[in-house]
Amino acid sequence: MRPDRVQLPQSRRARNLALLLAAVAIAFVFAIWAANRPDSDARGPAEDKIVPVGVAPVRVQDLSIWKSGVGSVAPLEAVDVKARVDGQVTRIFYRDGQDVGAGALLAQLDPRPYQALVAQAVANKARDSAQLANVRLNLARAKTLNAKGFATATAVEALEAQQAGLVATLAADQAQVDTARLNLGFTSIRAPVAGRAGIRKLNTGAMVRSSDSTGIVTITQMAPIAILFSLPQDDLAEIRSAASRTSVFAFTRDGGTPLAQGALSALGSQIDSANGQIELKAVFRNGDRALWPGQLVSVRILVGVLKGAITIPSSAIQASQTGSFVYVLGPGDKVAVRRVVPGASVGDVSAVASGLRPGETVVTSGQSRIAAGTKVRPKPSAAAAE
């Protein structure tokens, strides 16, 4: 075997060994560089990191306590006007959607059949009245004759009985006259309450009957108007204590646009065991017709005001197994954990019963990336600017 064929494998092994040593050296140098670069995540403990967070100051302010719910607008009065006698509609006096006053004439039925009944009842009464007058004369004559012995007591008693019967008949006749006149009055259909007329359900010439299941028109009272809404039973004590002086505000269903301000008028007598809610009723003047029957609205009721409350954004309060806490910004922009006792919450603001002092600064966002002693880069949150 030739010498060059023996030396060739040894040369390859030497070259491979050199490449391996070079690769190990490069990896070692890179590891040292990565461990010592300024922005390395592995460079030190958590407190040496700088984490951007949102912050807000601890404030002292009067905090209005509101309770919110969803309700529906309901009229105080809504009447389906029906005919009280049978007849043909001869005229309609209202327009669809027209505001009408109480007693306003809405429709007229043909009055002639009922005028005839009135005339008949009056005639019957006149006939019986004449008969009664005649019996009374006969009775007076019979009593005179009986006193002189020319008429028997039986004749007098018969005339007295006849007189009593005609008195009763005359009373019945008067009742018939009153009924006929009442029915004649019912041919003029009037609004029982003031309100807005709905879409009419018949036209001139139509026949209506007192037994019809549907009415002629619905009159809905628009002002004042009510809102029915429900709140959780846990709010009952606060609502009862504030019921006589509280205000109720109605907003659009999304809660964005105010509609009206009213007053609480009634508190339900029972709590719904199915959902733990109690029903309430508030009344609004509604002069501008901002509220409409059947409308869904958002309702807020003011139950009290906390004077001089220590408040922070609700997002600052964190929960743990041992209770609520917040991160407080300390010297050197390092945060510390502070145990707090939360109070009432209104929207994005919460009162704190203990644990914080006015003027301190709390972290409102970014809490998941920090711990006690973490250095942060504070940025005022939107809540801090309000």
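The values are calculated or read from the model by the stated rules, or taken from the named source; none is laboratory data. Here the structure is a predicted model, which means the values were calculated and not measured. Backbone-built Cβ (ideal geometry, glycine too); neighbour counts: all protein chains shown.
Details
- With respect to being polar (S, T, N, Q), in the same structural domain as ALA191 (by TED's automatic domain parsing) and under 11 Å from VAL217 (Cβ atoms), GLN108 falls outside the description.
- Residues of region 230-242 that are closer than 22 Å to LEU291 by Cβ and in a strand (DSSP E or B): SER230, LEU231.
- Any pair with Cβ under 6 angstrom, 6 or more apart, that starts in region 147-164 at a residue that is at negative phi and ends at one that is among the β-branched types (Val, Ile, Thr) and in a helix (DSSP H, G or I): GLN162/VAL135; GLN163/VAL135
- Scanning region 243-265 for residues that are in contact (Cβ under 8 Å) with a residue 12 or more places away in the chain and part of a strand (DSSP E or B) yields a total of 12.
- Residue match in region 317-329 (condition: at pLDDT 90 or above and in contact with a Gly (Cβ under 7 Å, 6 or more places away or on another chain)): no
Condition check ((1) closer than 30 Å to GLY366 by Cα; (2) of a type in the set (Asp, Glu); (3) not assigned by TED's automatic domain parsing to the domain that holds VAL55) across all residues:
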site	(1), (2), (3)
SER230	no, no, yes
ASP234	no, yes, yes
ALA237	no, no, yes
THR246	no, no, yes
PRO258	no, no, yes
ALA263	no, no, yes
SER273	no, no, yes
ALA290	no, no, yes
ILE312	yes, no, no
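- For region 266-306, a residue qualifies if it is among the aliphatic types (A, V, I, L, M), out of contact with any Gly (no Cβ under 7 Å at 6 or more places or on another chain) and in a strand (DSSP E or B), and the qualifying residues are ALA266, LEU267, ILE271, LEU296, ILE301, LEU302, VAL303, VAL305, LEU306.
- Residue match in region 178-191 (condition: of a type in the set (Asp, Glu), in contact with a Lys or Arg (Cβ under 7 Å, 6 or more places away or on another chain) and in the same structural domain as ALA126 (by TED's automatic domain parsing)): no
- Single condition ALA383 does not satisfy, out of (1) modelled with pLDDT of 90 or more; (2) in contact with a Pro (Cβ under 6 Å, 6 or more places away or on another chain); (3) hydrophobic (A, V, I, L, M, F, W, C): (1)
- Any hit, region 126-139, residues being of a type in the set (Ser, Thr, Tyr), touching a residue at least 24 places away in the same chain (Cβ under 8 Å) and either within 26 Å of PHE186 (Cβ to Cβ) or out of contact with any helix residue (DSSP H, G or I) (no Cβ under 9 Å at 6 or more places or on another chain) (or both): no
Conditions tested, residue by residue: (1) in contact with a strand residue (DSSP E or B) (Cβ under 9 Å, 6 or more places away or on another chain); (2) of a type in the set (Asp, Glu); (3) within 27 Å of THR169 (Cβ to Cβ); (4) at pLDDT 95 or above.
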| position | (1), (2), (3), (4) |
| --- | --- |
| ARG112 | no, no, no, yes |
| GLN120 | no, no, yes, yes |
| ALA126 | no, no, yes, yes |
| ASN138 | no, no, yes, no |
| THR154 | no, no, yes, no |
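- Hey, THR311 touching a helix residue (DSSP H, G or I) at 6+ places or on another chain (Cβ under 9 Å), part of a strand (DSSP E or B) and under 29 Å from LYS67 (Cβ atoms) or not: no
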